[in-house]
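The values are calculated or read from the model by the stated rules, or taken from the named source; none is laboratory data. If you're wondering where the values come from, they're calculated on a predicted model, not measured in any experiment. All Cβ positions, even for glycine, are placed from backbone atoms using ideal geometry, and neighbour counts span all protein chains on display.
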Amino acid sequence: MRNSLIRELIRLPGMPLWMKALPHTMVRRACLLALTEHAKAVTRANVPGAFVECGVAEGGSALLLAKLRTQLDPSREVWLFDTFEGLPPPSSDDADYDTAVQWIGLCRGELADIQRLMTRHNEPRVRYVKGLYQETMPAGPLPASIAVLHLDADWYDSTMTCLRHLWPRVSPGGRVQFDDYGAWAGCFKAVQEFFGPQAHIHQIEPKGAIWIEKTS
Ligand SMILES: C[S@@+](CC[C@H](N)C(=O)[O-])C[C@H]1O[C@@H](n2cnc3c(N)ncnc32)[C@H](O)[C@@H]1O
């Protein structure tokens, strides 16, 4: 009922882009608004690079990134990385392992369904990389440069793998948003280890998502 009402509302002219994500996403409104602001900020500042998401599930926040690309700068690429088979197992680096294991296979979005969603919304120009990050990222292909990176992959290994391979490709002035910093212990640990305690973290929600800008 709630979703069918939202589907009707988002067809109305003038509805903000982030609302189009709502029927297909677990990402909260504040985080969708933050992604929107990142896309606008990098466009204003002419930061080069793609809009990239690691952690697609049913494709809602990915759809927002694709829509923002088309509205703000159609020359940018959109890249989406996922198993498209749901969450892989966590590891002993996830302190909340006992809870995390219950999520294995959940947050599943089929690649064909995401492609249909994008086509329905006139966003066919998207690059998909299917598989475990630990396998697909070392092998490539990877975007040459990144302006906005949405990291929504929950676990320590997943987040750390994305950071190792993609952070060097983030352009100066680019922004990385971590959906799970306050939600999953592994994401928090990966961010702390990778950036160190001095990292300048921008809080999106109290005890929730954060973003970091690459300054140089
Ligand atoms: C919380 S969901 C993403 C939610 C999504 N952004 C939305 O709009 O609702 C997490 C996603 O990360 C993916 N994922 C997590 N770790 C992964 C890994 N190591 N390799 C590939 N995909 C991974 C899962 O398959 C799942 O689709």
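Observations on the structure shown:
- If you filter region 87-138 down to residues that are buried (at least 18 other Cβ atoms within 10 Å of the Cβ) and not in a loop (DSSP other than H, G, I, E, B), you find that the one that is farthest from the ligand (Cβ to nearest atom) is M118.
- Considering only residues in region 74-86 that are within 16 Å of the ligand (Cβ to nearest atom) and of a type in the set (D, E, K, R), the one that is surrounded by the fewest Cβ atoms within 10 Å (Cβ to Cβ) turns out to be E85.
- Qualifying residue in region 60-73 (condition: more than 22 Å from Q203 (Cβ to Cβ), surrounded by 20 or more Cβ atoms within 10 Å (Cβ to Cβ), touching a residue at least 24 places away in the same chain (Cβ under 8 Å) and over 16 Å from the mean Cα position of the chain (by Cα)): no
- Boolean, M137 is more than 15 Å from the chain's Cα centre (by Cα) and within 16 Å of L64 (Cα to Cα): no
- Search result, residues across region 8-49 that are within 16 Å of the ligand (Cβ to nearest atom), basic (K, R) and modelled with pLDDT under 95: K20
Results for (1) touching a residue at least 40 places away in the same chain (Cβ under 8 Å); (2) more than 16 Å from the ligand (Cβ to nearest atom), shown as yes or no for each residue.
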| site | (1), (2) |
| --- | --- |
| V148 | yes, no |
| A153 | yes, no |
| L163 | no, no |
| S171 | yes, yes |
| A185 | yes, no |
| Q192 | no, yes |
| I201 | no, yes |
| A209 | yes, no |
| T215 | yes, yes |
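- The residues listed here are Y128, Y156; of these, the one that is over 24 Å from Q71 (Cα atoms) and either at pLDDT 95 or above or touching a Ser or Thr at 6+ places or on another chain (Cβ under 8 Å) (or both) is Y156.
- Tally, over region 1-42, of residues that are touching a residue at least 60 places away in the same chain (Cβ under 8 Å) and of a type outside the set (D, E, K, R): 11
- Scan of region 50-59 for residues that are within 8 Å of the ligand (Cβ to nearest atom), on the phi < 0 side of the Ramachandran plot and more than 8 Å from the chain's Cα centre (by Cα), ordered by number: E58
- Residue satisfying all of: in region 159-183; within 21 Å of A66 (Cα to Cα) and basic (K, R); surrounded by the fewest Cβ atoms within 10 Å (Cβ to Cβ) among these: R169
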